[in-house]
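Participant: The structure's right below; bear with me while I get my questions together.
Every number in this text was worked out from the coordinates using simple rules, so none of it is lab data. In this text, all values refer to a predicted model and were calculated from it rather than measured experimentally. Please note: Cβ atoms are built from the backbone with ideal geometry, for glycine as well, and neighbour counts cover all protein chains shown.
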Amino acid sequence: MISTGDDLFLIGAGLLAGVVGTAGGITSLISYPALLAVGLPVLRANVTNILSLVTCWPGAAMASRPELTGKGPWLRRWAPVTAAGGVVGSALLILTPPGVFSDVVPYLLVLAAVGLLIQPRLSSWQEGRPSGRNRFLLPCGLFAVSTYNGYFGAGAGVMLLALLLFTVDRQIAISNALKNMLVGVSTVVSAALFVALGRVDWSAAIPLAAGMFLGSTIGPRIARALPGGVLRWLVALTGIGLAARLWFAPL
């Protein structure tokens, strides 16, 4: 049972996590350890964290309205792909042994971080290539990252941001806003499944989710205000930091 002190701690952790995650960083780097710190076991903390992340979706949408203007048709096209990935990832979490992705995730995070840093050069190179070469990269990448997001999710935002910058829009604030919406879709379907199965610790989820909602209304504004190069480096370094932590001390 969560105490009053734990409630305040989770609200604060959620606030910080919401700011970091919706600005382009890694939400679960803060929120998941916070749930472990108040005594939740690993699997229950993971499920509760995924449910709490749902509240970042509406907050980020409200704060990202300038970047999302005119993007509705694009989001409606790709939302089903991310939803399907979320369902698959959630099923894997329930049906497979814990840590099935633990060995490969640090390498994916480093790859995504490096991709963020060299994305401008990659995009310039891509412009000179036939347009059909990468037509499968976006759907396959969306499904793969959404599957991971439904399974655990720490670092999924960094991976997805790198993918969108390369395939959709080179402006980091716009790609970050799209990333927040697509991660939200994947998270909602995963959370619905976990709620139906009764795996959520609501006493911890409610204060954490409240803090995340508040933080998610701030994060996109930070992403909009920071120079693209600065934000790119901050996100990349966050991803590399999480990779190092997972190598030496898995979450």
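Participant: Placing +1 at every Lys and Arg Cβ and -1 at every Asp and Glu Cβ, with all other atoms neutral, what dipole size does the chain have around its Cα centre, in debye to the nearest 20?
Facilitator: So the dipole magnitude of the chain works out to roughly 780 debye.
Participant: Suppose each label sits 7 Å from its Cα in the direction of the beta carbon; what would the Trp247-Leu36 distance come out to in nanometres?
Facilitator: Taking the simple label geometry, Trp247 and Leu36 are separated by 1.8 nm.
Participant: Taking each pair of different alpha-carbon atoms in the chain once, compute 1/r for the pair, average those values, and report the inverse of that mean as the Kirkwood hydrodynamic radius in Å to one decimal.
Facilitator: 17.8 Å
Participant: Determine, for each peptide in 205-214, 161-170, 175-184, 5-14, the mean count of other beta carbons within 10 angstrom over its residues, then list the peptides with the highest first.
Facilitator: Per-residue mean Cβ counts within 10 Å order the peptides as 175-184, 205-214, 161-170, 5-14.
Participant: Separation between the Leu95 and Ser203 pseudo-spin-labels, each 7 Å from Cα along Cα→Cβ, expressed in nm?
Facilitator: Those two pseudo-labels are separated by 3.3 nm.
Participant: Span-like helices, the chain: DSSP H, alpha-carbon axial extent 15 Å or more, mean Kyte-Doolittle 0.0 or greater, which ones?
Facilitator: Membrane-span-like by this criterion, though nothing is claimed about a membrane: 4-22, 42-53, 72-95, 105-127, 137-151, 156-167, 172-196, 202-216, 228-248.
Participant: Next question, about the same structure. So, by mean Cβ neighbours within 10 angstrom, what's the order for 77-85, 192-200 with the highest one leading?
Facilitator: 77-85, 192-200
Participant: Right, something else. Most exposed first by the Cβ proxy, i.e. fewest other Cβ within 10 Å, how do Tyr107, Tyr32, Tyr151 rank?
Facilitator: Lowest to highest Cβ neighbour count: Tyr107, Tyr151, Tyr32.
Participant: For Val114 and Arg65 in the same chain, what is the full-extension length gain: residue separation times 0.36 nm, less their Cα-Cα distance, in nm?
Facilitator: 14.8 nm
Participant: So, one more: Would you mind getting me the FRET efficiency between Arg221 and Ala196? Use the beta-carbon distance for r and R0 = 45 Å, nearest 0.05.
Facilitator: It comes out at approximately 0.85.
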